[in-house]
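Take a look at the structure set out below.
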Amino acid sequence: MSVPANLKYTKEHEWVLIEGDQATIGITDFAQGELGDIVFVEIETVGQEIARDEVFGTVEAVKTVSDLFMPLSGNVLEKNAGLDNAPEAVNSDPYGDGWMIKIKMSNPAEVEQLLSADAYKELTGH
Amino acid sequence: MKNTALYETHLKLGAKMVPFAGYNMPVSYSGIKAEHQAVRQALGMFDVSHMGEFLVKGPHALDLIQYVTSNDAAKLSPGKVQYSCLPNGQGGIVDDLLVYCLSDEKYLLVVNASNIEKDWNWISKHNEWDVELEDMSENLSLLAVQGPKATEVLQKLTEVKLADIPYYHFVAGTFAGVEDVIISATGYTGAGGFELYLPNSSATKVWNLIMEAGADYGILPAGLGCRDTLRLEMGFCLYGNDINDTTSPLEAGLGWITKFTKEFIDSDYLQQQKTAGLQKKLVAFEMIDRGIPRQHYSIKNAAGELLGEVTSGSESPSTGKLIGMGYVTSAYASVGSELFIDIRDKLIKAVVVKLPFYQAP
């Protein structure tokens, strides 16, 4: 299982890449493995201001549907439109082509509450 | 939680295990889509040993079966299998099952794992003929070897002429050195193939021999996840989803296994229901707009009025279409009817289609 050291993580199995006041968000390698083949990513919150822990979208695997939660409060700037036609990128490249949204953080202090790669590995038992 | 005889084998193969009907069962190994495609295009093997098996023996065995099941078991002869259901005395369904005719006075009933105890109690309660019943569920393993390469691969392991066994027939013979294996040309995938009933003690050996025999043909171990997508593409009912204690076999489209040529539990009631006309029907639908229908989502009409509920839904791995089944009021049940599925508070358009969703080329 891959857990890149340059990313931050949440207990909800999301990863966050911090770049200035912006953050890119996706789900972890562990999460995609647990969900199985992903067939649909629905994100209809672009342009919205969403608080931490609120739902910004849903991800559907063959057998399950799961909500996607904001790891940080912020404005959703952009979604990964490539997932409309290739949702399987979340399985094959969760930290790259499988990214889900970019946000502008409204409270950068929240970053401190995210998990480090080591803490996330511990959480998932790896 | 119980394990099948193949539990260790599944772990070694890296299966993702889930609790299902009281058993630890493999939901997938390499991925639902890959396993699904292997079954449709080549070969997949399922451990479905959690299924229940009851032996029914004695001069009145057929009388009991005729009374508790809806299909006409008198049509069976040794070597034949029949799909049937157990009506529940209140217009609903206790379970769906397979009836194997082993001889004129000996039958094998194969039932869903989740219903083993319920079915046993129900059949025993109606056993006014003192027919001998034996629960074989804990002793028998069941391998479903499904896909277009099944006959060719399995033929390497038996002298029984597999190509000569018609659909819904079986032969009890020696398979991979194991005597008295029931080799049954059945399966719930629509991909063709066989189901093998054998003693637990031989399960691992036979599983491994089949994996070896199928290696050059692209065989994959297949889990319950793709078993569900495969059966849904065919429109086969899954107990607990599409049929249950409150759904009538007629509403579920199982009129073809509901035979009024004999008396059985609920035969009068169901005959009346048929005559009066059905209030609701199980339909198959495809999504027109993007959205995956899931069990318990509401089905509505264009005006937003509730018509019923989704009972099964998924992306079809074979076609990429988004498909489902559900009950709707009969006025909306004809092919071409427009339906709307309530997906996270949005009405997403769908259309009623004919089954199956997928046909092998």
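Under the condition of being in a loop (DSSP other than H, G, I, E, B) and within 14 Å of chain A (Cβ to nearest Cβ), which residue from region B:301-317 is surrounded by the fewest Cβ atoms within 10 Å (Cβ to Cβ)?
Within region B:301-317, the match that is surrounded by the fewest Cβ atoms within 10 Å (Cβ to Cβ) is B:316.
Looking at residue B:315, is it charged (D, E, K, R) and in contact with a Gly (Cβ under 9 Å, 6 or more places away or on another chain)?
So residue B:315 fails the test.
I'd like to check something: does region B:274-287 contain any residue that is within 14 Å of another protein chain (Cβ to nearest Cβ) and either over 24 Å from residue B:122 (Cα atoms) or not in a loop (DSSP other than H, G, I, E, B) (or both)?
Within region B:274-287, one or more residues are within 14 Å of another protein chain (Cβ to nearest Cβ) and either over 24 Å from residue B:122 (Cα atoms) or not in a loop (DSSP other than H, G, I, E, B) (or both).
Scan the strands (runs of 3 or more DSSP E) fully inside region B:1-113 and keep the ones with 2 or more residues being within 14 Å of chain A (Cβ to nearest Cβ), within 22 Å of residue B:227 (Cα to Cα) and not β-branched (Val, Ile, Thr).
By residue number, B:16-20, B:23-28.
Determine which single condition residue B:340 fails, assuming it passes every other condition in (1) crowded, with 21+ Cβ neighbours inside 10 Å; (2) closer than 27 Å to residue B:227 by Cβ; (3) away from chain A (no Cβ under 13 Å).
Evaluating residue B:340 over (1) crowded, with 21+ Cβ neighbours inside 10 Å; (2) closer than 27 Å to residue B:227 by Cβ; (3) away from chain A (no Cβ under 13 Å) leaves (2) as the failure.
The rows are residues; the columns are (1) under 18 Å from the mean Cα position of the chain (by Cα); (2) free of Cβ contacts under 8 Å to residues at least 12 places away in the same chain; (3) buried (at least 18 other Cβ atoms within 10 Å of the Cβ).
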| residue | (1), (2), (3) |
| --- | --- |
| B:200 | no, no, no |
| B:207 | no, no, yes |
| B:217 | no, no, no |
| B:232 | yes, no, yes |
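Any idea which of B:268, B:228 is of a type in the set (Asp, Glu) and away from every other protein chain (no Cβ under 14 Å)?
Result of the check over B:268, B:228: B:268.
If you check every pair at least six apart or on different chains, which have Cβ atoms under 9 Å apart with a residue in region B:325-340 that is within 16 Å of residue B:250 (Cβ to Cβ) first and a residue that is part of a helix (DSSP H, G or I) second?
Sorted first by the residue in region B:325-340, then by its partner, the pairs are B:325/B:232.
Does at least one position in region B:34-56 carry a residue that is without any contact (Cβ under 8 Å) to a residue 60 or more places away in the chain and either of a type in the set (D, E, K, R) or assigned by TED's automatic domain parsing to the domain that holds residue B:154 (or both)?
So far as region B:34-56 goes, no, none of its residues is without any contact (Cβ under 8 Å) to a residue 60 or more places away in the chain and either of a type in the set (D, E, K, R) or assigned by TED's automatic domain parsing to the domain that holds residue B:154 (or both).
Within region B:257-271, how many residues turn out to be assigned to a loop (DSSP other than H, G, I, E, B) and surrounded by 18 or more Cβ atoms within 10 Å (Cβ to Cβ)?
Total meeting the criteria: 5.
Provide a single number: the residues in region A:74-94 that are in contact with a helix residue (DSSP H, G or I) (Cβ under 7 Å, 6 or more places away or on another chain) and over 22 Å from residue A:47 (Cβ atoms).
4
Conditions (1) of a type in the set (A, V, I, L, M, F, W, C); (2) within 17 Å of residue B:182 (Cβ to Cβ), marked per residue:
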site	(1), (2)
B:54	yes, yes
B:58	no, no
B:72	no, no
B:80	no, yes
B:83	no, yes
B:90	no, no
B:97	yes, yes
B:100	no, yes
B:108	yes, yes
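The values are calculated or read from the model by the stated rules, or taken from the named source; none is laboratory data. Quick caveat: nothing in here was measured; it's all calculated off a predicted structure. Don't worry about glycine lacking a Cβ; one is built from the backbone with ideal geometry, like all the others, and counts go over all protein chains shown.
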